[in-house]
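The values are calculated or read from the model by the stated rules, or taken from the named source; none is laboratory data. Every value quoted in this text rests on a predicted model; they were computed, and no experiment measured them. Here the Cβ positions follow ideal geometry from the backbone for every residue, glycine too, while neighbour counts run over all protein chains shown. Areas reflect the complete protein model, heavy atoms only, side chains present, ligands, DNA and RNA absent. Shrake-Rupley method; radii C 1.70, N 1.55, O 1.52, S 1.80 Å.
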Amino acid sequence: MSAFPVTRLRRLRRSDALRTLVRETRLELDDFVMPLFVCPGEGVVRPVDGLDGIAQRSVDELVREAGDLASLGVRAVLLFGIPEEKDDEGSGAWADDGIVQQALRALRAEQPELVLVTDVCLCEYTAHGHCGVLRDGPNGVEVENDETLELLARTAVSHVEAGADAVAPSDMMDGRVGAIREALPHTPLISYAAKYASAFYGPFREVAGSTPQKGDRRGYQMDPANAREALRECELDLAEGADVLMVKPALVYLDVIRAVRERFDCPVAAYNVSGEYAMLKAAAARGYLDERQAALESLTAIKRAGADLVFSYWTKDLARWL
Ligand SMILES: [Zn+2]
């Protein structure tokens, strides 16, 4: 390769048109999924502290919001439920008239084109806030893996029966992808394959009401220090029948997104989590940085690292920005 003064990389940076011609990574709204939170009631839009622009919505308001999103060109949403009541097993997760099931039926009827993805987990529905059932184990009370699998599969089936296009298990139990795949041979399955026990989920737990009453999730979510283990998780999930592999969070795990991209040929998703969103929102509110530019740069970084699809709270803003 010739060097300076023959090579001058600034030549292609001279104008916006030139920069656009040689741009390697582009943001397209088609690749983005907007997370939505549905709660009981009517006419409810309850904003979330720390997640400016995000709200819990009752089914009627959720349908209205989905209509807004669809008219802006958003193609897909991810649904989380906040149930009226919780119990030890999280039975609201698979109830026929559960909150997500109600939302799915309403959305399916109003927005036949919108891709409806559901988060499959028990933590929003269990009184203790863990992602599975608790049992006494050799090390004290633990989330019992194998008993939880059947409940997760039951939840996924109820979502599909109510109209979900794809299911996304986020619990991190071993074998859950296989259990759901066996129950749903034809449903696209987006696996939260490499989901880390992260501090960046803070605002989400507030909105989803899913903070564990006791203990934390390090017994099932991944250690933030491990990247090779993420590839093992991905390999197992693919073998069990996952269609899409997800890395969560995104911005502090760009190396993991890249590693998954390089190792596997399936679509790779990344979840740009609530803490990542809240940090920029808070900094922008204090005038420390420009939200739009910082958000676009962050989302570009996630795509550049190798994500095909991105779950982001900025999806609605992105629709306006692009
Ligand atoms: Zn969970």
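With the dipole of the range 82-224 worked out from charges on the C-beta (+1 for Lys and Arg, -1 for Asp and Glu) around the Cα centre, which of L189, G92, L107 lies farthest toward the positive end? Positive-most Cα among the choices belongs to L189. Projecting label points 7 angstrom from Cα along Cα→Cβ for Q213 and V115 puts them 3.8 nm apart. Panel values: the range 121-227, Kirkwood radius from alpha carbon pairs, Stokes-Einstein at 20 °C and 1.002 mPa s, translational diffusion coefficient 148 µm²/s.
Legend: calculated FRET efficiency, S2 to V22, from the Cβ-Cβ distance at R0 = 25 Å, rounded to 0.05, equals 0.85. Here the Gaussian network model covers the chain, with springs between Cα atoms less than 10 Å apart; of P35, P112, P83, P112 fluctuates the most.
Entry note, the chain: relative contact order of 18 percent, from Cα contacts under 8 Å with a spacing of 6+ residues. Beta bridges per DSSP, both residues in the chain: antiparallel share near 20 percent.
Ligands, DNA and RNA aside, V45 has an accessible area near 70 Å² when probed at 1.4 Å.
Using a probe of 1.4 Å on the protein chains alone, the accessible area found for E110 is around 120 Å².
Within the listed set R228, R23, R292, the Gaussian network model of the chain (springs between alpha-carbon atoms below 10 Å) gives the highest mean-square fluctuation for R23. Y220 contributes about 30 Å² of solvent-accessible surface, heavy atoms of the protein only, 1.4 Å probe. Divided by 2.2 N^0.38 Å, where N counts the residues, the Cα radius of gyration of the range 1-156 comes to 1.52. Quick one: plug the Kirkwood hydrodynamic radius of the range 168-311 (C-alpha pairs) into Stokes-Einstein at 25 °C, 0.890 mPa s, and report D in µm²/s. Once the numbers are plugged in, D ends up at 155 µm²/s.
Residue order by solvent-accessible surface for F200, F4 is F4, F200, largest first, with ligands and nucleic acids left out and a 1.4 Å probe. Ranking V256, A164, G175 by Cα position along the charge dipole of the range 144-257, where only Lys, Arg, Asp and Glu carry charges on their C-beta atoms, puts V256 farthest toward the positive end. Length gained on full extension, R228 to E161: 20.5 nm, using 0.36 nm per residue less the C-alpha separation. In the range 184-243, taking the dipole from charged Cβ atoms about the Cα centre, the farthest positive-side position among P224, L238, A199 is held by A199. Global size of the chain: 20.2, 71 Å for Rg and Dmax (C-alpha atoms, Rg to one decimal, Dmax whole). The range 104-121 and the range 128-151 have their alpha-carbon centroids 29 Å apart. Length gained on full extension, D308 to R64: 85.1 nm, using 0.36 nm per residue less the C-alpha separation. Its Cα centre serving as origin, the range 74-120 has a Cβ charge dipole (Lys and Arg +1, Asp and Glu -1) of approximately 380 debye. Stretching the chain fully between D49 and A285 yields a gain of 83.6 nm (0.36 nm per residue, less the alpha carbon separation).
For V252 and R105, a Förster radius of 25 Å and the Cβ-Cβ distance give a FRET efficiency of 0.10, rounded to the nearest 0.05. Couplings 3J(HN,Hα) of the range 212-218, computed from phi: x, 5, 9, x, 9, 9, 5 Hz, in residue order, whole Hz [Karplus 6.51 cos²θ - 1.76 cosθ + 1.60, θ = phi - 60°; x for Gly and Pro].
Between A197 and L72, the FRET efficiency estimated from the beta carbon spacing at R0 = 35 angstrom works out to 0.55.
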